[in-house]
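Notes to accompany the following structure.
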Amino acid sequence: MSEPERVDVLVLGSGEAGKFLAWHMASTGQRTAVVERKLIGGSCPNTNCLPSKNEIWSAKVADLVRHADRFGTVAPAVAVDMAKVLAHKREMIDGLIAMHLERYRASGAELIMGTGRFVAPKTIAVSLNDGGSRVLTGDKVVINVGTRATIPDIAGLHAAAALTNVEVLELDRLPQHLVVLGGGYVGLELAQAYRRFGSRVTVIESGPQIAGREDPDVAAAIMEMLADEGITVQLGARVLEVQGRSGTGVKVRLRSAAGEGTIEGSDLLAAVGRTPNTSGIGLDVAGVRLDERGYVAVNDRLETSAADVWAVASALAARSSPMSRSTISASSGTIWPAAIAVPAVGSCRIACSPTPRLVASA
């Protein structure tokens, strides 16, 4: 291994927490490098937070036009062009990427595009996207690797090529019948959006209520709202098997208190939770401890088990820190350890965790 390049601050992952940290540290004169595999700015501007809200707003516009007569406006029948919806979303993303690149240039932080892996404590080897490699070591290192959609171990599900929140937001066509596995925030907001675009939608939730983290009266209100819009919800339903392939037709066999049944649809969306992106990146070599679910264990200063290595964002083990990964806010004050001393910037949550975006129909 060649002699590592030394930097003051080395960040693995360019998502919400890491990029603001990097921009600030570089602007104070510290040599800062960010290693990013693919998504400049992380998932929030590219695949998750902002793209989903972009399409949800497009769906809201369709819903408003569809009910325009309630406000005294006579409008023709609504026809949604999903190719244009997709183009509108991609135009926003392109603008956000350009903005991020300008922030890197202005701050002096170096963005390194490639796949990073720890090869020694505080040392990351990068396989560059355009060929070649680099090895960097940081006086301070921040792990900012985020999460991905979970695909549960259900018979036939992997073969069915179920959509996740990433792929469903890349559709340039309207599913005839979208079957959604999971009644959490992500599943519900996308279910409502595609219903408003014109799809038939069925949500399958294994628990006794949708939005399982909410109070029962809140969940009941959301259920009523979804029913008013024509969305079917199956509660307490365990998926046993999936047949077919998303996009060409699927059959979902499930069991509930009423017995076994089958739901047929054209497309399948898996929205049952998140998996941390912590495997295969050498965290054991770095001396970083994970919890039993693969999340990075930290203390109340976001320090990992390795000296001078911190972890931020949605790959944190929430139970290991009083500052839960879903509640640490970049607008709430200084949150970084004194050793890195980063002031609050921006208003996006560190985790960019999904929040309910369900809105009542016009």
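The values are calculated or read from the model by the stated rules, or taken from the named source; none is laboratory data. Please read all numbers here as calculations on a predicted model, not as lab measurements. Neighbour counts run over all protein chains shown; Cβ positions are idealised from the backbone, glycine included.
State whether the residues of the range 308-325 include one that is at pLDDT 90 or above, surrounded by fewer than 22 Cβ atoms within 10 Å (Cβ to Cβ) and more than 28 Å from Val180 (Cβ to Cβ). Scanning the range 308-325 turns up at least one residue that is at pLDDT 90 or above, surrounded by fewer than 22 Cβ atoms within 10 Å (Cβ to Cβ) and more than 28 Å from Val180 (Cβ to Cβ).
Determine if the range 170-183 includes at least one residue that is part of a helix (DSSP H, G or I), within 24 Å of Leu226 (Cα to Cα) and at pLDDT 95 or above. No; the residues of the range 170-183 include none that is part of a helix (DSSP H, G or I), within 24 Å of Leu226 (Cα to Cα) and at pLDDT 95 or above.
Pick from Ser127, Ser107: which is surrounded by 17 or more Cβ atoms within 10 Å (Cβ to Cβ) and more than 20 Å from the chain's Cα centre (by Cα)? Ser107 is the lone residue from the list that is surrounded by 17 or more Cβ atoms within 10 Å (Cβ to Cβ) and more than 20 Å from the chain's Cα centre (by Cα).
Do we find that Thr150 is touching a residue at least 40 places away in the same chain (Cβ under 8 Å), farther than 30 Å from Arg31 by Cβ and either touching a Leu at 6+ places or on another chain (Cβ under 9 Å) or aromatic (Phe, Trp, Tyr) (or both) in this structure? Criteria not met by Thr150. Restricting the range 209-265 to residues that are touching a residue at least 40 places away in the same chain (Cβ under 8 Å) and loosely packed, with under 14 Cβ neighbours inside 10 Å leaves a set whose member that is nearest to Leu181 (Cα to Cα) is Glu264. Residues in the range 198-214 that are in contact with a Lys or Arg (Cβ under 6 Å, 6 or more places away or on another chain) and assigned to a loop (DSSP other than H, G, I, E, B): 1 in all. Scanning the range 130-160 for residues that are of a type in the set (Gly, Ala, Ser), closer than 30 Å to Gly244 by Cα and surrounded by 15 or more Cβ atoms within 10 Å (Cβ to Cβ) returns Ala149, Gly156, Ala160. Could you list, in sequence order, all residues of the range 285-315 that are touching a residue at least 60 places away in the same chain (Cβ under 8 Å), closer than 17 Å to Gly13 by Cα and among the hydrophobic types (A, V, I, L, M, F, W, C)? Across the range 285-315, the qualifying residues are Ala286, Val288, Val296, Val309, Trp310, Ala311, Val312, Ala313, Ala315. Where strands (runs of 3 or more DSSP E) fall wholly inside the range 242-282, the ranges with 1 or more residues that are under 23 Å from Gln209 (Cβ atoms), of a type in the set (Asp, Glu) and outside the structural domain of Ser43 (by TED's automatic domain parsing) are 259-265.
Identify the residue in the range 59-102 that is of a type in the set (Lys, Arg) and surrounded by 16 or more Cβ atoms within 10 Å (Cβ to Cβ) and, among all such residues, is farthest from Val7 (Cα to Cα). This residue is Arg66.
Residue under question is Asp172, and the condition is that it be exposed (fewer than 15 other Cβ atoms within 10 Å of the Cβ), in the same structural domain as Ala227 (by TED's automatic domain parsing) and more than 21 Å from Ser314 (Cα to Cα); does it hold? Here the answer is yes, as Asp172 does meet what is asked.
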